[in-house]
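> Attaching a single structure in structure tokens format; questions to follow.
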Amino acid sequence: MTEQRSSLAVGMTVFAATMLIVIGVLHALQGLVAVINDTFYVVGAEWVFEFDVTTWGWIHILVGLLVAVAGFFVLSGAVWARTVGVIVASLSLILNFVWLPYYPVWAVVIIALDVFVIWALTLHGRDIVAE
């Protein structure tokens, strides 16, 4: 009996890792804009999780770095990194849900990408199939 990697499992893992890196960079860019120009994002309504835009910027930068690093570890093939990837994608999803009043279209795009990452990382059980 030989073992070979499932091409679907490998493809989905590479997709998820790449998307995690992209999402992390997008978070960092979003946070950088908030830190550099805090008047770029405008909020009209009062929300429960209302922070200063600069504070949100730093939160996005830190989470972005965390998500991107998780993506690099998933890309390296570490099995534990898939679990970490699901956790940080969930954190990113929640963060962007709370960020909705500041920049709704961008937040919805990142939420959709996070859902795809979670789906891709949890799609398969084992990377190895027996023949």
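Read-outs throughout are calculated quantities, based only on the coordinates presented, and are distinct from any laboratory measurement. Owing to the predicted nature of the structure, the values given are computational and were not obtained by experimental measurement. Every residue, glycine among them, receives a Cβ derived from its backbone with ideal geometry; neighbour counts consider all protein chains shown.
> Among 13-21, 110-118, how do they line up by average Cβ neighbours within 10 Å per residue, starting with the highest?
13-21, 110-118
> Can you run the Rg to Rh ratio on region 3-130? Use alpha carbon positions and the Kirkwood inverse-distance Rh.
Value, to two decimals: 1.07.
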